[in-house]
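*Asks:* Below are the structure tokens for one structure; questions will follow.
Values in this text are rule-based calculations from the coordinates and carry no lab data. Note that the structure is predicted; figures quoted are calculated from it, not measured. Here the Cβ is made from the backbone with ideal geometry for all residues, glycine too, and neighbour counts use every protein chain on show.
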Amino acid sequence: MTVRYADVEPGTEIPGKSYRATRLDLVKYCGASGDFNVIHWNERLARSVGLPGVIAHGMYTMAQAGKFVTEWAGDPGAVLEFGVRFSGMVPVPDDDQGATIEVSGTVTEKLGDNKVAVDIVARSGGTKVLTRSRAVVRLP
Amino acid sequence: MALNKEFVGRVFGPGEPYEVSRVKIAEFADAIGEPSELCRDEAAAQRAGYPDVIAPPTLAIVIAMASTASMHSEPGLGLDYSMVVHGEESFSHSRPLHAGDVVVATTTVESIRAVGSMSMLVTSTDLSTTDGEHVCTAKSTLVERGK
């Protein structure tokens with residue numbers, strides 16, 4: 001079921017979702033994005049620069065928030081504007097579970113021309129990892 | 001080390017043309033777990049009104065990063081990349097990137113400022129087709145942690 005512009009109002013909540021980030025996910029993201037910064041795959045080097053361990057790419061977390069919106073809109077091309085502030089790290093333990101990124105969102109404004117503004121929050125391990133996260137989405 | 005404020009206003013690029021392929025779009029969609037068939041199935045994308053499969057919105061960073069990387073490595077800038085964390089990112093799309101697009105990136109240094117022992121570097125990267133059509137502007141804030 002695809003959400004429609006007529007169906008949403010300021011205050012409409014987008015049902016929250018949880019996404020997992022494992023070490024394998026980060027390695028795949030390294031390859032797909034070309035960002036091979038060692039802090040995203042090498043525990044020893046991540047610790048050597050003062051991090052708690054391997055952490056997810058900020059852009060991986062942003063991509064999860066983006067996916068949350070594009071799944072709701074039913075179209076990856078529906079996101080016109082998308083901005084975030086990275087407010088916390090997502091440490092990814094070396095186990096089969098990895099980290100969990102919980103994303104939720106609320107429609108804040110109808111902008112006309114079938115466009116809506118959405119505020120998004122992403123949390124991991126009890127910490128807000130994305131703040132000031134806002135998307136403008138065109139709905140059918 | 002403080003960043004060189006003389007870089008503010010400097011423009012890097014346009015760089016080499018980047019051809020957006022179906023394979024890269026599908027690989028990126030797989031890597032972020034984006035399930036949409038519009039990223040993988042040309043016929044489905046065309047039924048939705050697109051010329052070919054479309055990229056998830058954050059794929060633009062892959063092309064933008066290649067452009068900003070050449071700027072970050074300029075010795076005169078004074079950036080220690082091992083101390084860099086990503087502060088903010090935003091994308092403004094005129095339309096989604098789709099397979100077959102050939103785009104060039106141009107990066108402008110918008111601001112450099114010191115906040116305590118940290119330095120904040122704000123850049124804006126325009127992605128346009130080689131025909132001059134604007135597709136996306138990616139704005140990045142990088143934070144160089146103090147030592």
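*Asks:* Averaged over A:58-66, how many beta carbons belonging to a partner chain fall within 10 Å of each residue's beta carbon?
*Replies:* Values: counts 6, 9, 4, 1, 9, 11, 4, 1, 7.
Counting Cβ atoms of other protein chains within 10 Å of each residue's Cβ and averaging gives 6.
*Asks:* Taking the Cα atoms only, what angle lies between the long axis of helix A:58-73 and the longest principal axis of chain A, rounded to 10 degrees?
*Replies:* On a 0 to 90 degree scale, this one is about 30.
*Asks:* May I ask you to derive the relative contact order of segment A:15-86, considering only C-alpha pairs under 8 Å and at least 6 residues apart, and to give it as an integer percent? Write down the numbers at each step before the final one.
*Replies:* Working: 49 pairs, mean separation 14.9, N = 72.
The normalised contact order for segment A:15-86 reaches 21 percent.
*Asks:* Compute the angle between helix A:23-33 and the longest alpha-carbon principal axis of chain A, please, reported from 0 to 90 degrees and rounded to the nearest 10.
*Replies:* Roughly 70 degrees, rounded to the nearest 10.
*Asks:* Assuming R0 = 35 Å, can you tell me the calculated FRET efficiency for the pair A:E13 and B:E6, based on Cβ-Cβ distance, to the nearest 0.05?
*Replies:* Values: r = 48 Å, r/R0 = 1.36.
It comes to 0.15.
*Asks:* Still on this structure: In a Gaussian network model over chain B where Cα atoms closer than 10 Å are linked, find which of B:R22, B:R113, B:R47 has the largest mean-square fluctuation.
*Replies:* Residue with maximal mean-square fluctuation among B:R22, B:R113, B:R47: B:R47.
*Asks:* With r defined as the distance between the Cβ atoms of B:A69 and A:R20 and R0 fixed at 22 Å, what FRET efficiency is calculated, to the nearest 0.05? Spell out each step's value before the answer.
*Replies:* Working: r = 29 Å, r/R0 = 1.32.
E between B:A69 and A:R20, to the nearest 0.05, is 0.15.
*Asks:* How far apart, in nm, are two points set 7 Å out from the Cα along the Cα-to-Cβ line at A:A6 and at B:A44?
*Replies:* Using points 7 Å along Cα→Cβ, the separation is 2.6 nm.
*Asks:* For segment A:35-58 and segment A:122-137, write down the distance between their C-alpha centroids in whole Å.
*Replies:* Using only Cα atoms to place each centre, the spacing works out to 21 Å.
*Asks:* Over 30 Å between Cα atoms: which of A:K110/B:K24; A:K115/B:K24; A:K115/B:K139; B:K24/B:K139 fall into that group? Kindly include the intermediate steps, with their values, before the conclusion.
*Replies:* Working: A:K110/B:K24 34 Å; A:K115/B:K24 28 Å; A:K115/B:K139 21 Å; B:K24/B:K139 22 Å.
Pairs exceeding the cut-off: A:K110/B:K24.
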